[in-house]
Amino acid sequence: MPYRHLTQLLDSSFDSLSPELQRAARWLQAHPAELGLQSMRQSALAAGVAPATMTRLARALGLDGFEAMRRPSMVAFAESVARTAHPASAARPDSATEAVDQLAQAQAGNLKSVRSRNSAQQLHAAAQAILDAREVLFLGLRASFCIAYHLHYTCDWLRPNTRLATDAGGAWADQVLALAPGDLLVVVSQAPYTRQIVEAAQQAHARGVPVLALTDSSLSPLARLAQQTVLFDTASPSFFHSMIGAQALAETLMDCVAEQGGTAVVQRLAQRQQGLQAARAYWEKKPPRQV
């Protein structure tokens, strides 16, 4: 069973699990490498559950036992190490082509995840939350920063009062604290989840600020805090996550915002275009001088 299938099985079964099994399932989803490397007892200790809980979780998922649940992580980790230790340049002549093809296949699957994991109703509801909020703050760190930046850049063309939580001095957390219940915090992260993102979402949630999460699993700590969640896949044969799915989801979400925004969005776009043209923001080739 591929590791991706295990994560999907955890997602689909999560709500039917007991609180103890849910705790173990969250740990499995967030620690794939540790699951593949550690014994059942070590994994249970790290997850804060009894070793028998791991066996019960495996059986609740329809698997024979802990080893059957652990095996997909072991295989995925071993394949990742093998690719790192034996780069394409040192392997057989066609391995480079195979590596590119495998990555392209994974990227294509990540693109499809935008529609396979999110209904049209979910996407439109998330877009409406962005339109209805008094102020929208986008937050993404590490690999997710580029997604949050793109969301903010695009959304600022479509509606006013949008901000990107960023500050070289580290004061971006103050922007989260300044949010009120009528605002919206949009967070982006995937496993392993950035601690600061989760803590920011916890703070916003505790103060009654709605949270919209773009993440990779319904078991994500962000999904459990969010008022609304939209999902993307991050599958990749390489060491790094693929962010193609997250980028595609961000573009789809902003397309829904533009579509649902009506006249206000059209006017906002016209104003932004006029301002950029007046500022000569984009390069234009000068016409040849007339003699």
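The values are calculated or read from the model by the stated rules, or taken from the named source; none is laboratory data. What you see is a predicted model, and the numbers here were worked out from it, not measured in a lab. Don't worry about glycine lacking a Cβ; one is built from the backbone with ideal geometry, like all the others, and counts go over all protein chains shown.
The residues of segment 94-133 that are of a type in the set (S, T, N, Q), touching a residue at least 12 places away in the same chain (Cβ under 8 Å) and more than 21 Å from residue 241 (Cβ to Cβ), listed by number, are 122, 128. Residue 137 meets all of the listed conditions (1) of a type outside the set (Ser, Thr, Tyr); (2) at pLDDT 95 or above; (3) under 18 Å from residue 256 (Cβ atoms) but one, namely (3).
Pairing residues of segment 270-291 that are under 19 Å from residue 153 (Cβ atoms) with residues that are modelled with pLDDT of 85 or more, at Cβ distances under 6 Å and at least 6 apart in sequence or on separate chains, gives 272/157.
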